[in-house]
1. For Gly149, what charge total do you get from the other residues with a beta carbon under 15 Å from its beta carbon, if Lys and Arg give +1 and Asp and Glu give -1?
2. Per residue and in Å³, how big is the convex hull formed by the alpha-carbon atoms of the range 648-757?
3. Taking the Cα centroid of the range 637-706 and of the range 82-106, what is the distance between the two, rounded to the nearest whole Å?
4. How do Lys181, Lys534 stack up against each other in accessible area, from largest to smallest, with a 1.4 angstrom probe?
5. Please give me the summed charge of the neighbours of Phe238: other residues whose Cβ is under 13 Å from its Cβ, Lys and Arg +1, Asp and Glu -1.
6. For the range 788-850, taking Cα atoms only, what is the radius of gyration to one decimal and the Dmax to the nearest whole Å?
7. Could you sort Lys819, Lys454 by their accessible area in this structure, using a 1.4 Å probe and putting the largest first?
8. Calculate the radius of gyration of the Cα atoms of the range 102-234 to one decimal place, then report Dmax, the largest Cα-Cα distance, as a whole number, both in Å.
Amino acid sequence: MSFDVNEEGLERVLISCLQNSLSPDQQVRHQAEQDLKNLEVSDEFGVRLCSITLKQDVDVSLRQLSTVVLKRYTELHWNLNSEKFIVPEISESSKVIIRQLLPQALIDSSSKVRGCVAYAIATIAHWDWPECWPGLVPALLANLSSEQGSLVHGSIRVFVELARDISEAQINEVLPALLPKLYHIFTNSVVYTSRTRSRSINILTTFIQLLYTISKEYPEAPHKLLFPILPSFLEAFFHFLSSQTKSISEYSLQREVYNCFKELLKDFPKQVLPYFDKLLPVFWICFIQSAQSYLKIALFSSEMTDEEMDSDGNQISLDSILFSQFGVWNALILCKRFHELLKEYLHEFVFHLISLVQVSEETYKSWLNDVSQLVEDEDSVLSSYSVRIYSLDIIRMLEEEPSLAEHFTVAVHSAIEKHTLAAKHSREVGDVNWWKIIESCMLVYRNIISYCEKMKDYNISSLITEILLPSLSSDQPLLTSRALWLTGHLIPLLPIEYINQFLGLIANGLLPEQHIFIRVFSAQTIYQYASTLKGTPNQILLIPFIPGAIQCLGNLASVSLEECDVLSDILYALNQCLQYDGVLPETIDQQIIPVLTTAFTKYNNDPHLGPVIEESFGLIANNLLFLKPLQEKFIPDSIKVIASTNEFLPSMISATMDILSKIIRASPPPLASFFFEGIFVTIVAATLRTDDNSILQSGGECMCAFLAADTEGLIGWQDQEGAGGLHYAVKVIEHILDPKHSEFSAAFVGKLIIMLVRKVGALLGKLLSVILRAVISKLSVSVTPNVMQSLILVFAFLIQSQLEFVLEFLSSLPSSTGKPALDQVMSDWVQLQGTIFGSYDTKMSIVALSKVLTYGIQTQDAKLEAIMVRGDEIFQHGDGIQTRSKTRSRPKQYTEVPLLAKIFKVLIQELGVALESQEVGVLGTSREFDGGEDSEDDGEESSSADDMVDAMLLYGSSSLNDEFEEDDLDIIDEEIAKLDTRVFLTHYCSQFCQLSGFGILIPMLTEKELLTLQDAGVQVSSTIHT
């Protein structure tokens, strides 16, 4: 389309395009939008849009659309430094005109037009004010004194946007003149609408936040700019909150006042405290009024009142008012200055909070229609905020605040007693909602249990007899469910006879004929009992109920397969129960395995539910009574899944492999032939034909499982062509390490290689060299630390027993840089050491590096001495402040140091970390080894690196803890696992410093490193041999 490019013609074309943009015809609308985009290249585009916006004879819908287009236009074309910038940039002459015209539209009769214009002005001001637009703020401030409401509203909207983007320097220019204007607007309810007044407080709140932020660097700023006028605002807040005329139309204003009050309490509590005796009582009255109004609607109406939205899209309702008031309570609780005042209100406050915890009628009906919504709402992490959840959050805050905890506990007991009596009366007079307050009381009681446990001779009998037992026999399903739920959290406080009684009620609650609420909550509660009682003398009480519970959980799971959240709770309970004796094999065979298989097919890729299902299969596999039926039911279908090439997603194949690995590990040796001829062959084939990360990782884990379950069987098995299990295992490793595959496929392959070497040993023969070459190739293309760690630890493991072989092998191979692979491996290793994670991996790496270091110093190995690696960072001095631009133009620089010096630096760094995290109960301090028979310098060095480090392992030994998972036991060396890093490194450094070649390393140590040695009790200077 061609356009008339003169000014009037362009304006007519623009109006036509704007009209067509509103057309119901999609094709017409799309063409108009494209035409507008094409017209943006015209320098007059923005000026003509301003002109259209100002023409009152143009339809308001077109003027509003014109401002929307103008807003986008300024974002894209105003300044070439903008992240959204698109050529061309608007000319300076057009910018001048636009800056002159736009403010005139702030008086427009349409609030939507004013809002878009305000945003466009703020966008321009971001780049042009004050340098190119010095008159903007004075003009806006003058507008705020106008008696024309539209002009004040439009100007206020600009300040709302500017306040979010103002700098520390500009705030000094703006605030002294602006704050009095804001105060005038807020206090003048006759002239200004509540929306305009609320925006004035919104701006104040934004500046309060900004002043608090800059006060750390400029502490005088709030004293100069805010505190002089703050008393006036606080007095105005008092009068506003004291007013009895607040209506729904003022909800937005109320919310802004509460938000501002909260910000003041949070940022400047000291300045608010003198006025708080006056403000808190009126705030309290407002809170009570809001709570009572909310409860009248929420408890008795199944349809809450319609929620309005302000022009910013914020919710305007009783809920939103309560949320803002909760924000004030939140700030009060977090600030200890106000705790003494809070204690005066605490009993009544808790009483009303418990009332607000009551479930609304609307929510309750939604739960009745969808139990998964109930489960989701019970999970505060997943649920959206509601008055019920926010009230519970405030209750938790009160419980967790040490100076309030005792008073809070007393207040809860008092409030529950009052509510219980009131509920009895309500029930007697026929109130159908009488039970809701009892349910909320039990939900709140959960928050004081930990405090009650600390109290000596705490008497729980009144709770049981007055609330729990009556609720458990109630005809209200949620009330009964909540009572069951609470017993699960009270277990440490319950007498044995009640534990047994409640277990019977829970078992009954799981039965199919019960209400779905009761069944689901019974599942959650049996989880609590099973996890809490396990390992205690009282676990025997649960065992008689286990067979029936598992049967009922299986039934409940089968009817909840479409409800992910509900199914998750059921399976958590099932997994706890499966760890007890007494489970009937036929229940597992006929009910649990089929439902788990169905759930696995449906949810194997679910990040939350998938692992829970896999755990269920693992627990079944680990019980020999259930292993055979699991093998018979799961393995045939799993082989079909893994063997398929297109039918199933990679995630399904990977998850199936993961469950098979659990079954393989649990199967007693020797493994039956079908394990190798069916499972092993299928897994190998699937792994070798894919490049999918998840399948490669799971395939590697299955190889680990075969090695763990039956190494001899794997070595001895051969296919029809004579290729053995060992051959295929190495093929899988090579494939995983293929440099063409994503590096993440090799994230766990190190464990497989280490396990293979440990289990097979010398039988690997030349295959070990094949594996190590593949490791080096993969390492050369890897950059992710955890992947590099997996690969480097292969060499760390081999160095423990084959140090010289590893050094010779790496020296004989070229790396991707042309240098020997030894250079690459050692350089990557010492740079990575500080990021190695996992207790065992860190220890193994430390021991291996110490062996390399000792060997290099004792033998003066030329290969090690020739390697130079990155050392310490070089800091530039005298260049002033290091800005981002300087950093980009001058990247970090480092020294270059010999490898052996770097290894010693790394070990000192690890020693420093160990010293900082000393644990109570280890073998004394490192200074214990400064003297004594074993640590005296007799003038002779250890005969080898292995001898010296092995001796250190004796000193570093501690008890083997429970930090390792079951799979980790495949690869750990118990001696290294029990190593106390601090003790080992302290004694190692003490001995190493006595070696004759140590002196050459001293000049390369930093002051910090020497200080670390000194802190460990290692005497450096006195032990150097020249």
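The values are calculated or read from the model by the stated rules, or taken from the named source; none is laboratory data. Fair warning: this is a prediction, and the values are worked out from it, not measured in the lab. Note that we place each Cβ from the backbone using ideal geometry, even for glycine, and neighbour counts take in every protein chain shown. Protein only, heavy atoms only, side chains kept; ligands, DNA and RNA dropped before computing areas. Shrake-Rupley method; radii C 1.70, N 1.55, O 1.52, S 1.80 Å.
1. Numbers: positive: Arg114, Arg157, Lys181, Arg195, Arg197, Arg199; negative: Asp108, Glu147.
That works out to +4.
2. Values: hull volume 10.5 nm³, N = 110.
Spelled out: Cα convex hull of the range 648-757, divided by residues, is 95 Å³.
3. 64 Å
4. Numbers: Lys181 55, Lys534 85 Å².
Greatest to least solvent exposure: Lys534, Lys181.
5. Working: positive: Lys278; negative: Glu235, Asp277.
Here the count lands on -1.
6. 11.4, 34
7. Values: Lys819 120, Lys454 160 Å².
From most accessible down to least: Lys454, Lys819.
8. 14.3, 43
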